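Since the structure comes first, as structure tokens, the remarks are kept for the end.
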Amino acid sequence: MGRPLAGVRIADFTVHAAGPFCTHMLSQLGAECIKIESAQRPDIFRKPHPVYGRMGPASFDQVASNKLSIRINLKHPKGTALARRLVAVSDIAAESFRPGVLARLGLGYESLRAAKADIILLSVSSSGQSGPDSHFSGYAPLFGAWGGLGTLTGFADGPPVEMRHVMDHTVGLNAALAAVAALHRRRATGEGQHVDVAAREVAASLIGEALLLAAAGGTPSRMGNDHPRMAPHGAYPAKGEDRWITIAVGSDAEWRALAQAIGAPQLARDPRFATEAGRHEHRAELDRIVARWTATLPGDAAMAVLQAAGVPAHVSWTAGDIVADPHLRARRAIVDVDEPDGRRRAAVGVPIRLSKGEAIGIARGTPSLGEHEDYVFGELLGLTRAERRELEDDGVIH
């Protein structure tokens with residue numbers, strides 16, 4: 001047995017993060033993913049991205065590993081014709097443009113169906129392919145704000161803040177699930193379809209509890225690190241610069257164990273903290289008591305003491321902690337890949353393990369622009385060297 005999606009081919013027109021992460025996930029499951037760009041319009045994430053602390057294209061690395069790369073100028077009529085030839089030998093065409101852009105290029109769903117009757121077109125956009133807001137574009141912070149995540153994120157006495165949630169990647173993950181469902185349906189019926197994924201709807205789907213409360217007449221509000229009933233509950237300072245430990249006490253037994261572990265057994269006998277309701281009512285005082293103790297120890301030491309006592313607690317890890325973790329390395333959740341310049345770097349693997357078939361995950365590093373044109377244009381589409389040179393001279397392959 002090979003990988004689950006072995007034999008599936010994707011013509012990948014997606015850009016930025018949400019769409020590319022979708023096709024990245026599918027490629028890790030074994031699909032052959034051919035990314036279509038041009039020298040005039042490369043994926044914006046190929047460019048340096050200093051917000052991630054690197055002048056190299058860190059974002060592109062995380063959504064393009066495993067993919068093949070070719071150049072097609074979609075603004076040229078011969079370019080769209082070449083793209084349709086690729087779609088004709090593919091199972092999925094994926095795009096993340098604003099609604100209507102693909103159709104204006106001559107690559108709308110009906111046009112692609114003419115090239116291959118059972119093609120699956122996967123469209124990822126801000127607000128979907130229909131409806132009064134379908135013309136809006138957007139990025140991850142907007143999706144989170146529009147979907148209600150922002151207004152639920154932050155402290156009770158502060159404003160809504162950007163949810164530091166990987167919104168693009170969650171949209172991509174939902175789109176990958178939709179693509180697999182469409183492939184499953186095609187296997188059963190022989191029919192392709194147009195799959196429409198709206199980022200703002202994905203965001204709204206993540207706040208179901210708040211939506212239920214609002215529908216029942218309640219008013220969802222920001223709680224910071226608070227919890228509706230648990231206390232202590234939150235992130236507490238540990239010894240060292242910007243080091244924190246997260247603690248969640250969910251029962252009377254855990255509360256008594258916490259009081260003993262921090263050297264204050266008398267707290268367990270304090271009538272203010274004797275019940276869950278009392279601890280929650282006096283949670284501000286409890287937070288101050290717990291924080292004074294955690295601040296005296298490194299996070300790992302405080303975590304060890306609390307876990308040994310049966311109290312749910314863990315250091316709030318940084319990205320550096322995750323990359324260096326031997327457990328994640330052993331499970332290949334963190335892997336090393338080769339960059340185009342020859343350097344090796346850590347990358348996020350696929351968080352899935354299957355008991356049968358080949359191991360899934362990253363098989364190759366980030367492709368250089370146009371790196372796989374001999375295979376795609378030559379072997380797959382059957383273009384001769386002379387035909388390719390002519391298309392290059394015309395600015396079609398560019």
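For segment 112-127, enumerate the residues that are in a loop (DSSP other than H, G, I, E, B) and among the β-branched types (V, I, T).
Residues of segment 112-127 that are in a loop (DSSP other than H, G, I, E, B), as a first pass: 116-119, 126-127.
Answer for segment 112-127, where residues must be in a loop (DSSP other than H, G, I, E, B) and among the β-branched types (V, I, T): just I119.
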- Item | Matching entry among R332, R345 (being under 28 Å from the mean Cα position of the chain (by Cα), farther than 30 Å from A261 by Cα, assigned to a loop (DSSP other than H, G, I, E, B) and among the charged types (D, E, K, R)) | R332
- Matching residues, segment 147-166, being within 15 Å of A199 (Cβ to Cβ), surrounded by fewer than 19 Cβ atoms within 10 Å (Cβ to Cβ) and of a type in the set (A, V, I, L, M): V166
- Just one of the numbered conditions (1) in contact with an Asp or Glu (Cβ under 6 Å, 6 or more places away or on another chain); (2) crowded, with 20+ Cβ neighbours inside 10 Å; (3) not polar (S, T, N, Q) is not true of I120; which one? (1)
- Query: Using beta carbons and a limit of 9 Å, which pairs, at least six apart or on different chains, have the first residue in segment 147-158 and under 14 Å from A204 (Cβ atoms) and without any contact (Cβ under 8 Å) to a residue 40 or more places away in the chain and the second one among the aliphatic types (A, V, I, L, M) and surrounded by fewer than 20 Cβ atoms within 10 Å (Cβ to Cβ)?
  - Reply: G150/V161
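Can you go through R288, R256 and tell me which one is part of a helix (DSSP H, G or I) and within 23 Å of M223 (Cβ to Cβ)? It would help to see each step written out before you state the result.
Details: R256 fails: within 23 Å of M223 (Cβ to Cβ).
Among R288, R256, only R288 is part of a helix (DSSP H, G or I) and within 23 Å of M223 (Cβ to Cβ).
Here's a check for you: in segment 262-308, which residue that is of a type in the set (K, R) and surrounded by 16 or more Cβ atoms within 10 Å (Cβ to Cβ) is farthest from H233 (Cα to Cα)?
Taking segment 262-308 first, the residues of a type in the set (K, R) are 269, 272, 279, 283, 288, 292.
Remaining after also requiring surrounded by 16 or more Cβ atoms within 10 Å (Cβ to Cβ): 279, 283.
On the way: R279: 10, R283: 8 Å.
Only one residue tops the list, namely R279.
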- Considering only helices (runs of 4 or more DSSP H) wholly within segment 128-244, the ones with at least 3 residues that are under 28 Å from T294 (Cβ atoms) are none
- Task: Give segment 172-207 a look and list any residue that's surrounded by fewer than 17 Cβ atoms within 10 Å (Cβ to Cβ) and more than 29 Å from Q62 (Cα to Cα), or say none.
- Result: R185, R187, A188, T189, G190, E191
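Select from segment 309-338 the residues that are of a type in the set (D, E, K, R) and either crowded, with 17+ Cβ neighbours inside 10 Å or over 14 Å from I245 (Cβ atoms) (or both) and write down the one among them that is modelled with the lowest pLDDT.
D338
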- Message: Could you check segment 14-43 and list, in sequence order, the residues that are touching a residue at least 40 places away in the same chain (Cβ under 8 Å), closer than 16 Å to L102 by Cα and out of contact with any helix residue (DSSP H, G or I) (no Cβ under 7 Å at 6 or more places or on another chain)?
- Response: E37, S38
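The values are calculated or read from the model by the stated rules, or taken from the named source; none is laboratory data. Note that this is a predicted model, so its numbers are computed, not measured. Cβ sites come from the backbone with ideal geometry, for glycine too, and all protein chains shown count toward neighbours.
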